[in-house]
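Input: a single structure, listed below in structure tokens.
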Amino acid sequence: VWKSGMRSLDNNVNSITKSFVNHVQTSLARQPYNLDDLGAYQAAALSVRDNLLVNWNETQLQYTRKAPKRAYYLSLEFLMGRTLDNALLNLGLKDEYKTSVKSLGFSIEDILDKERDAALGNGGLGRLAACYLDSSASQELPVWGYGLRYKYGIFQQLISPEGNQLEAPDPWLEHQNPWELPRLDVTYGVRFYGHADRLDDGSGRAIWAGGQEVLAVAYDVMIPGYGTKTTNNLRLWESKSKRGFDLNSFNAGNYEKAVESSNSASAITSVLYPNDHTLVTLNMFGKELRLKQQYFWTAASLADILRRFKNMGKPLTELPDFVAIQLNDTHPTLAIPELMRILIDEEDLTWNAAWKIVTNTFFYTNHTVLPEALEKWAVPLVEHVLPRHMQIIYDIVILIYLFLAVEKKFPGDRDRLARMSLIEEGQPKQVRMAHLACIGSRKVNGVAELHSDLVRTTILKDFVEFEGFSKFGNVTNGITPRRWLDQCNPELSALISKTLKLQKGIWLKDLYKLEGLLKFTENKTFRREWAAIKQRNKERLAHHVLTTLGLTVNTNAMFDVQIKRLHEYKRQTLNILGVIHRYLTLKKMTPAERKKVNSRVVFFAGKAAPAYYIAKLTIRLIVNVARIINDDPETKDYLTLYFLPDYSVSLAEILIPASDISQHISTAGTEASGTSNMKFCLNGGLLLGTVDGANIEIAEEVGESNVFFFGHLTPAVEDLRYQHLYHPIPIEENCPALAHVLNQVSAGLFGDGGVYEPLLNTIRQGDYYLLSDDFDSYIEALAMVDDAYRDRDEWIKKSIRTTAKACMGKFSSDRAINEYAESYWNIEATPINGNK
Ligand code: 26W
């Protein structure tokens with residue numbers, strides 16, 4: 001096979017094959033004739049990496065030479081998923097590799113499937129960072145990412161026979177990772193603890209010494225642009241002990257103590273925190289380690305950024321002309337006092353000069369307005385771990401912020417001062433990171449129109465009044481159409497290219513071109529092809545369920561999908577209670593009546609934070625409802641449901657193209673944006689959703705007739721919550737249909753009803769997320785979806801319109817990243833010369 005394969009290949013394929021074989025023999029030290037798929041994946045990846053490296057080197061060289069202003073994206077999470085397929089697409093080498101590996105007896109699909117996801121993120125925030133890196137490189141923007149190289153990514157989710165979520169570690173680095181370049185020579189020392197002594201020379205400087213020093217080691221990940229030579233960098237830090245182990249203790253026979261400091265250093269980057277939205281469940285040790293992660297990462301990144309800047313030979317006052325630093329939520333906010341510390345203590349700048357540089361360098365994006373998600377750090381903890389930074393934070397409060405400025409603008413307004421302070425009173429006092437991020441930044445933005453409005457009118461209202469409206473903007477999120485259409489739905493991508501008579505290289509970089517599909521809605525052949533592709537994607541998903549879970553899925557049914565982190569505000573509970581309602585309705589019907597019903601298959605996937613009891617109980621309910629319903633001979637032709645374990649980027653790539661309808665049903669005003677809603681639309685899936693986040697802007701683009709909206713609007717939410725608290729109406733009166741469903745669950749229809757009481761009580765008592773207020777209109781919306789689906793031809797037209805309009809341009813991350821580049825960072829495209 002190897003020899004005959006080699007003969008028939010053209011030059012490009014030939015050199016790929018050579019490089020592949022070379023890596024098998026030299027890098028992997030294996031024999032080509034007994035290579036398995038994993039080995040083939042590794043060899044293919046290493047040879048692709050050689051290609052990337054050439055472009056990466058060239059890109060970095062030209063950035064240094066041309067010295068453009070650069071942007072740095074600081075994110076504690078980068079949810080990259082797999083890399084090989086994306087690298088092949090962006091390099092334009094997919095077909096060549098396909099031919100090459102085929103000639104060697106492998107299938108490219110099997111090889112691609114061997115790659116583990118790089119799952120260094122929880123969900124929306126981390127995946128957005130990954131899409132933005134893809135778009136930055138594709139738009140030839142000089143952007144680097146900075147993050148942590150967690151040894152373990154987001155936990156693997158297992159489901160026990162009872163339906164409980166179990167967590168297992170995710171050892172994603174178990175086999176070597178071909179996509180990273182260890183830079184063992186790029187290191188920085190990062191200090192923790194110790195003591196900070198102010199100098200009494202009137203300079204405002206202090207000396208911070210003692211404590212623990214940990215080494216940050218750089219690992220670089222190459223980020224290729226689509227159809228450009230630009231290959232940007234994602235630098236991830238690994239922590240390790242500065243001094244190896246303690247030889248004195250070792251010699252004295254105290255082996256445990258000898259490795260203690262080394263263990264404590266490497267603990268910092270050992271695992272991604274699986275909490276999205278709150279840290280209140282962590283204990284003291286958990287909180288301290290998270291704070292150390294945040295400082296370790298921001299300190300190393302800033303040191304690296306400053307070293308690069310200083311190499312240009314410019315004075316520090318020009319830093320904002322050459323560097324923009326984007327804070328992805330408040331997680332990297334310590335960068336603000338850290339830069340103050342460096343400028344004052346190490347660079348001898350005055351307080352005012354330093355503050356001016358800082359406030360022109362940073363930009364802050366808020367990703368949630370949920371109160372429990374706003375980060376706060378206990379003052380005693382910050383004092384202990386970062387004594388100098390605590391001093392600086394107090395200085396900001398006193399000097400610049402409170403007494404000089406706010407007091408001047410609003411004399412005597414004590415309440416306002418307390419509301420705006422960086423320090424929240426209480427036992428213990430706490431540092432409010434969102435306030436620090438806000439006043440330390442040049443601009444602040446939210447991630448969809450509604451959400452940015454909420455940021456301006458709720459959590460940062462006082463700051464808008466203080467600093468002016470123009471500091472607060474909006475950049476609606478986006479997604480990369482390379483991964484979320486071309487890669488995950490190659491057939492649809494090919495049909496689009498064929499229909500538009502455009503190479504995908506054109507429209508994948510200018511998604512507004514999809515609008516050209518609109519006129520084909522009336523073309524019957526086109527519609528048939530469109531529908532056939534959706535059908536094959538449904539079969540691909542069914543095949544996945546069959547091979548992973550051993551279950552057979554009815555592919556003639558409508559596929560209804562809700563995939564996202566489990567959270568009360570996202571209301572998976574509303575969905576499962578809706579499913580139960582449907583089931584009970586089917587049970588009451590005669591067989592003849594049932595025959596008229598649309599068949600529906602409901603898919604759920606998503607992880608719950610390990611300590612989030614109610615979220616885990618929701619999973620348990622879904623799994624147990626599935627067990628009963630899927631086995632009921634009377635109804636199973638009409639309604640089945642599946643909870644797919646271990647949701648990941650790769651699983652999303654299978655689920656999204658297969659969806660007829662997807663659910664984005666958060667309580668109005670709670671989902672900042674959502675990004676999977678955009679992915680579904682791009683793949684011709686319709687939306688069922690509340691008037692929330694980016695759903696609103698999607699509907700503006702596709703037209704409301706192509707989106708199924710329901711539920712109360714944001715302004716009503718506060719009043720409804722007030723009513724539930726102070727004038728509660730029994731649920732039997734407020735929403736009889738929901739009360740009936742809850743009673744059936746309590747009565748044990750899906751196993752021991754008592755188990756679910758805590759979950760059901762969140763609705764019966766207080767109903768903070770307003771399920772009882774939205775349930776009836778939710779059921780109505782589901783019925784409208786059924787009606788619409790009955791007219792299949794019209795449905796396909798809606799599906800085409802959704803792809804053509806909803807996700808045209810606006811929801812491409814290319815549009816979003818260009819907005820950041822132009823209106824925030826003030827950076828420009830820097831094309832890399834030379835042939836690709
Ligand atoms: C303190 C722990 C913690 C961890 C993560 C708090 C908050 C977060 C993130 C900000 C939560 C998050 O991922 N937010 C999501 O961000 C997406 C990208 O902007 C939005 O599309 C989602 O609506 C938002 O929930």
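The values are calculated or read from the model by the stated rules, or taken from the named source; none is laboratory data. Note that the structure is a prediction, hence the values are computed from the model and not measured. Note: ideal-geometry Cβ built from the backbone for every residue, glycine included; neighbour counts use all protein chains shown.
Computed quantities for the displayed model
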{"quantity": "Filter result for Ala592 (surrounded by 15 or more Cβ atoms within 10 Å (Cβ to Cβ) and assigned by TED's automatic domain parsing to the domain that holds Ile654)", "calculated": "no"}
{"quantity": "Selection count where residues are among the β-branched types (Val, Ile, Thr) and free of Cβ contacts under 8 Å to residues at least 60 places away in the same chain, scope region 549-561", "calculated": "2"}
{"quantity": "Residues located in region 84-111, provided they are touching a Lys or Arg at 6+ places or on another chain (Cβ under 8 Å) and surrounded by fewer than 20 Cβ atoms within 10 Å (Cβ to Cβ)", "calculated": "Gly92"}
{"quantity": "Given (1) modelled with pLDDT under 95; (2) closer than 12 Å to Ser100 by Cα; (3) surrounded by 13 or more Cβ atoms within 10 Å (Cβ to Cβ), number of the condition Asn11 does not satisfy", "calculated": "(3)"}
{"quantity": "Residue under evaluation Ser493, criteria (1) more than 16 Å from the ligand (Cβ to nearest atom); (2) in the same structural domain as Asn366 (by TED's automatic domain parsing), criterion not met", "calculated": "(2)"}
{"quantity": "Options Gly711, Gly685, Gly689; residue that is buried (at least 22 other Cβ atoms within 10 Å of the Cβ) and touching a His at 6+ places or on another chain (Cβ under 9 Å)", "calculated": "Gly689"}
{"quantity": "Residues located in region 248-281, provided they are near the ligand (Cβ under 10 Å from one of its atoms) and touching a helix residue (DSSP H, G or I) at 6+ places or on another chain (Cβ under 7 Å)", "calculated": "Tyr273, His277, Thr278, Leu279, Val280"}
{"quantity": "Search result, residues across region 466-475 that are modelled with pLDDT of 95 or more and away from the ligand (no atom under 14 Å from the Cβ)", "calculated": "Phe469, Ser470, Lys471, Phe472, Gly473"}
{"quantity": "Residue among Lys229, Lys292 that alone is in contact with a Lys or Arg (Cβ under 6 Å, 6 or more places away or on another chain), buried (at least 18 other Cβ atoms within 10 Å of the Cβ) and on the phi < 0 side of the Ramachandran plot", "calculated": "Lys229"}
{"quantity": "Breaking point among (1) assigned to a loop (DSSP other than H, G, I, E, B); (2) of a type outside the set (Ser, Thr, Tyr); (3) surrounded by fewer than 24 Cβ atoms within 10 Å (Cβ to Cβ), for Asp462", "calculated": "(1)"}
{"quantity": "Residues (closer than 16 Å to Ile817 by Cβ, part of a strand (DSSP E or B) and of a type in the set (Gly, Ala, Ser)) located in region 129-157", "calculated": "Gly145"}
{"quantity": "Selection count, region 145-173, where residues are loosely packed, with under 12 Cβ neighbours inside 10 Å and free of Cβ contacts under 8 Å to residues at least 40 places away in the same chain", "calculated": "3"}
{"quantity": "Flag for Leu551 being in contact with a Cys (Cβ under 9 Å, 6 or more places away or on another chain), away from the ligand (no atom under 16 Å from the Cβ) and not aromatic (Phe, Trp, Tyr)", "calculated": "no"}
{"quantity": "Residue among Leu541, Leu508 that alone is farther than 27 Å from Asn122 by Cβ, touching a residue at least 60 places away in the same chain (Cβ under 8 Å) and buried (at least 20 other Cβ atoms within 10 Å of the Cβ)", "calculated": "Leu508"}
{"quantity": "Breaking point among (1) modelled with pLDDT under 95; (2) crowded, with 21+ Cβ neighbours inside 10 Å, for Leu282", "calculated": "(2)"}
{"quantity": "Some residue of region 206-219 being buried (at least 18 other Cβ atoms within 10 Å of the Cβ) and at pLDDT below 95", "calculated": "no"}
{"quantity": "Residue under evaluation Leu370, criteria (1) in contact with a Lys or Arg (Cβ under 9 Å, 6 or more places away or on another chain); (2) within 16 Å of the ligand (Cβ to nearest atom); (3) of a type outside the set (Lys, Arg), criterion not met", "calculated": "(1)"}
{"quantity": "Options Leu454, Leu450, Leu485; residue that is in contact with a Leu (Cβ under 9 Å, 6 or more places away or on another chain), within 21 Å of Ile698 (Cα to Cα) and aliphatic (A, V, I, L, M)", "calculated": "Leu485"}
{"quantity": "Phe559 surrounded by 15 or more Cβ atoms within 10 Å (Cβ to Cβ), in contact with a strand residue (DSSP E or B) (Cβ under 8 Å, 6 or more places away or on another chain) and among the aromatic types (Phe, Trp, Tyr)", "calculated": "yes"}
{"quantity": "Segments classed as helices (runs of 4 or more DSSP H), wholly inside region 584-685, with at least 2 members that are within 16 Å of the ligand (Cβ to nearest atom)", "calculated": "649-655, 676-682"}
{"quantity": "Those helices (runs of 4 or more DSSP H) lying entirely in region 689-778 with at least 2 residues in the same structural domain as Lys570 (by TED's automatic domain parsing), within 22 Å of Lys616 (Cα to Cα) and acidic (Asp, Glu)", "calculated": "none"}
{"quantity": "Residue tally, condition surrounded by fewer than 16 Cβ atoms within 10 Å (Cβ to Cβ) and in a helix (DSSP H, G or I), over region 465-490", "calculated": "3"}
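Yes/no matrix, rows are residues, columns are (1) in contact with a Cys (Cβ under 9 Å, 6 or more places away or on another chain); (2) away from the ligand (no atom under 16 Å from the Cβ); (3) modelled with pLDDT of 95 or more; (4) outside any strand (DSSP E or B):
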| site | (1), (2), (3), (4) |
| --- | --- |
| Gln293 | no, no, yes, yes |
| Leu302 | no, yes, yes, yes |
| Phe309 | no, yes, yes, yes |
| Ala324 | no, yes, yes, no |
| His331 | no, no, yes, yes |
| Ile336 | no, yes, yes, yes |
| Leu349 | no, yes, yes, yes |
| Asn360 | no, yes, yes, yes |
| Tyr364 | yes, no, yes, no |
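For (1) among the aromatic types (Phe, Trp, Tyr); (2) without any contact (Cβ under 8 Å) to a residue 40 or more places away in the chain; (3) out of contact with any Pro (no Cβ under 8 Å at 6 or more places or on another chain), each residue gets a yes or a no:
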position: Leu199; (1), (2), (3): no, yes, yes
position: Ile207; (1), (2), (3): no, no, yes
position: Val217; (1), (2), (3): no, yes, no
position: Met222; (1), (2), (3): no, no, yes
position: Asn232; (1), (2), (3): no, no, no
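Table: residues versus (1) of a type in the set (A, V, I, L, M); (2) closer than 27 Å to Val649 by Cβ; (3) buried (at least 23 other Cβ atoms within 10 Å of the Cβ).
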| residue | (1), (2), (3) |
| --- | --- |
| Thr17 | no, no, no |
| Thr26 | no, no, no |
| Tyr33 | no, no, no |
| Ala40 | yes, yes, yes |
| Arg49 | no, yes, no |
| Thr64 | no, no, no |
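Let's see how each residue does on (1) under 30 Å from Ile325 (Cβ atoms); (2) in contact with a Pro (Cβ under 9 Å, 6 or more places away or on another chain); (3) modelled with pLDDT of 95 or more:
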position	(1), (2), (3)
Glu780	no, no, yes
Asp786	no, no, yes
Trp795	no, no, yes
Ile800	no, no, yes
Lys805	no, no, no
Ile817	yes, no, yes
Tyr820	yes, no, yes
Tyr824	yes, no, yes
Gly834	yes, no, no
